[in-house]
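Below is one structure, written out as structure tokens; the observations come after it.
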Amino acid sequence: MVVTPSWPRKAFLVCNYVFLILLAVMCLLPLIHVLAISFSSNAAASAGEVKLWPVEFNLKSYEYVAAKKEFFRSLWMTLQRELIGTPLSMALVVLIAYPLSKDVAIFRSRSFYAWFFVLTILFSGGLVPFYSVVRATGLLDSIWALVLPGAVPVFSVVLLLNFFRTLPKELEEAAFIDGANQWTSLLRIYVPLSVPALATITLLTVVSHWNAWFDGLILMNSPANYPLQSYLQTMITRDYTSVGMEELRQMEQISDRTIKASQILLGALPILILYPFLQKYFVKGMVIGGVKE
């Protein structure tokens, strides 16, 4: 039997679609504007003539960025951070969320440890103690200074433990009857059934590492060790009127606006490519992982 939607329902759907389309357009317009500036000429960008379409199309700003060794060095630093930090965070999140998802009858200290982690969200020691701890442990100016301090994202732990609690307990009980232990239960039952939540947490972790810039500025003594976003931050706030003569000659046909736009686009491109592949898992994981029994 086919049920025909009522007029109020149809009106709601139309308004909902129109609102979402407008919201998507509002999110895309700034990105399109930056993209148009990056492909425009020096004169057009400096005069503010570029809106949503390149004016006097050229690739000179990208050629300038491609010739900068500092950009690719910072990109490699960020890739190292992703390759080390993301698997480390995912492993720690899974190992912490699994015991915290158990009932108090099984894990008596669950409440204590759960509150221990939650309190880190509500309170922090501050910037100076954070820097002092990193310096005292000898991590300054190394990749580990960017990875270890934030290796356990507590929000991801809460998201995953709530997802674990939605899984049928009968599966684990049947596995224990067959002789499985806690490690087998985790690796053979919980992890395979938690792909949506794990994909969500992976995406959040990747974006968090990729977009982090402040820790690179304060924890790296040498600009050569800056991650990509820290490097881009210094370039965006840089005064191009004080550059040397050789670099000034290179910038005769480009402007600081086109350079900044091209660097911003190149910095955001990997995440823009990755997101569509994980989007369906992201939506499902956020919905299911946020539901608590």
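The values are calculated or read from the model by the stated rules, or taken from the named source; none is laboratory data. Since the model is a prediction, treat every value here as computed from it, not as a measurement. Because the Cβ atoms are built from the backbone with ideal geometry, glycine has one as well, and the counts that use them run over all protein chains shown.
Structure data summary
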read-out: Filter result for the condition that a residue is of a type in the set (Val, Ile, Thr), part of a helix (DSSP H, G or I) and modelled with pLDDT under 60, over VAL291, VAL206, VAL287; value: VAL287
read-out: Options VAL94, VAL152: the member that is surrounded by 13 or more Cβ atoms within 10 Å (Cβ to Cβ), part of a loop (DSSP other than H, G, I, E, B) and either β-branched (Val, Ile, Thr) or out of contact with any helix residue (DSSP H, G or I) (no Cβ under 8 Å at 6 or more places or on another chain) (or both); value: VAL152
read-out: Selection from segment 25-43 of residues that are under 15 Å from SER262 (Cα atoms) and either of a type outside the set (Val, Ile, Thr) or touching a Pro at 6+ places or on another chain (Cβ under 9 Å) (or both); value: PRO30, LEU31, HIS33, LEU35, ALA36, ILE37, SER38, PHE39, SER40, SER41, ASN42
read-out: Enumeration of residues in segment 155-195 that are closer than 30 Å to THR78 by Cβ and outside any helix (DSSP H, G or I); value: SER194
read-out: Close pairs (7 angstrom Cβ cut-off, 6 or more residues apart or separate chains): among the basic types (Lys, Arg) in segment 89-114, assigned to a loop (DSSP other than H, G, I, E, B) anywhere; value: ARG110/LYS102; ARG110/VAL104
read-out: All positions within segment 210-224 that are over 17 Å from the mean Cα position of the chain (by Cα) and either surrounded by fewer than 20 Cβ atoms within 10 Å (Cβ to Cβ) or charged (D, E, K, R) (or both); value: LEU217, ILE218, ASN221, SER222, PRO223, ALA224
